[in-house]
Amino acid sequence: MSLDRERMKRLLGGPGTERLRRRLRERLARGGPDTLTLTRSTPLERAAVERLLGRPPRSGSSLRVSLTEIDATLARAGIAAGLRAALEALDGPIRDAIAEQEAEARRWQDLYDARRERSTRLGVGSWLDELAARGLLKRLTRRDPIHAASLLDQSLEVLEALPDPGLNRSTLAARCLGDAHGLDPGQPVAALVRRALHRHWHGGTGDDRPDERTLWAHAGILVGGDITSTVLVYQLPVRDDTAGSRALRIQNRSCEPCYLTLRQLLRHPPRWDCADREVFVCENPTVIAEAAERLGTDCAPLVSTGGRPGAAVWLLLEQLRDAGACLHYRADFDWAGISIMNSVLARLEARPWRMDTATLERHAQDPGPTLEGRTVFARWDSRLAPALEARGTALHEERLLDELLADLSRPAPPDITAGAASGTP
């Protein structure tokens, strides 16, 4: 049908129809109900609709029109083939927003599908799914698929280069990205790779908020010199004759605890002699100091996290686990301690060490500081959080020293996990 441009301009292009035309175009572009409402309509707008439809609109401040009715009226009067044709003749083509959205969705899905095999081979298929579901890649690239494809390929190249024990992050960035600062905090590729390391690569870090060193150490990568991230150890057995192992043997024979740096553990990892051996892990260095003082060389292998595990602690515990050690872990009885335990149990196959409701209740009369923070559920003992909440005060490891040292003085104490298993969900 040909357009009757003069009549069309009088009916739809005249005064009072600007807002109506704009709203009609939006509705045709995005889809939606057939009825359109103009609130607070002016007398000019009401007169324009009366001319267009050949009848007066209903009374009231809101003006309701039917797209189907307008479409039929224009066609019946021989003015235009329909509403879309008339609006496009007056104001230009109407975008098909739905079709555009569908096309964009297909482009992004194709982008992810093209890298599915590569990410699955690396064991980070769930990372790719998360990027697609949460829109991180779209936000980083301002919805530019070409830029997104480049960032994703660069991120996969970095992940394919891991692990590389002892390599500096800047060197890794230079090799993979051609920019030594390309993996620094704030860089887009760094954001994608960090997300993969945190939640997906080799099981993730097991920590809700890992620091930068812990994230990269999970893949064997050093940040800076990494001599500030340390772990305190005592009587850890080794079985090779490297310089690091000889130094540890001297410290063990001298009954002296020693600190190991993340750099040492990554670049010159000892060969731990821990297959099927009990290794105990505490939170507070005081436990190690007392063990060295009272037990000497009769102490079982012992590690102190010094609070929430940092990069060196995580790396050492993973090395000991991989060497076949049976890890017994504990922390302070407070919300932070339970949170630490939850993180460790999520990442490592460790057993709670006197970190159960029965132990807490045995020390009901021991004083402690007021509990701070929000309640944290203990995943290994469903009764522990309610019992600690009812107590109202923390119970620090120092209050348990005699029991802990008794455990450490024999190779496999029979009761160190007693009571914990019964509360396991």
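The values are calculated or read from the model by the stated rules, or taken from the named source; none is laboratory data. Remember, predicted model here, so these are calculated numbers, not experimental data. Note that each Cβ is placed from the backbone with ideal geometry, even for glycine, and that neighbours are counted across all protein chains shown.
Selection within segment 270-291: residues that are surrounded by 20 or more Cβ atoms within 10 Å (Cβ to Cβ) and either hydroxyl-bearing (Ser, Thr, Tyr) or farther than 14 Å from Asp332 by Cα (or both). The member of this set that is farthest from the chain's Cα centre (by Cα) is Ala291. The set of residues in segment 183-213 being closer than 24 Å to Ser126 by Cβ and part of a loop (DSSP other than H, G, I, E, B) consists of Leu183, Pro185, Gln187, His200, Gly204, Thr205, Gly206, Asp207, Asp208, Arg209, Pro210, Asp211. Within segment 338-359, is even one residue in a strand (DSSP E or B), under 23 Å from Pro285 (Cα atoms), assigned by TED's automatic domain parsing to the domain that holds Asp276 and in contact with a Gly (Cβ under 8 Å, 6 or more places away or on another chain)? No.
Scanning segment 122-171 for residues that are among the polar types (S, T, N, Q) and closer than 12 Å to Val193 by Cβ yields Gln154, Ser155. Would segment 119-128 turn up any residue that is touching a helix residue (DSSP H, G or I) at 6+ places or on another chain (Cβ under 7 Å), among the basic types (Lys, Arg) and more than 24 Å from Arg22 (Cβ to Cβ)? No, every residue in segment 119-128 fails to be touching a helix residue (DSSP H, G or I) at 6+ places or on another chain (Cβ under 7 Å), among the basic types (Lys, Arg) and more than 24 Å from Arg22 (Cβ to Cβ).
Only one of Leu266, Leu248 is among the aliphatic types (A, V, I, L, M) and at pLDDT below 90. Can you tell me which? The unique qualifying residue is Leu266.
Within segment 360-403, being assigned to a loop (DSSP other than H, G, I, E, B) and of a type in the set (D, E, K, R) holds for Asp366, Glu372, Arg374, Arg379, Asp381, Arg383. Counting only residues that are in a loop (DSSP other than H, G, I, E, B), within 16 Å of Leu87 (Cβ to Cβ) and either at pLDDT 85 or above or touching a helix residue (DSSP H, G or I) at 6+ places or on another chain (Cβ under 9 Å) (or both), how many does segment 1-45 have? Counting residues in segment 1-45 that are in a loop (DSSP other than H, G, I, E, B), within 16 Å of Leu87 (Cβ to Cβ) and either at pLDDT 85 or above or touching a helix residue (DSSP H, G or I) at 6+ places or on another chain (Cβ under 9 Å) (or both) gives 9.
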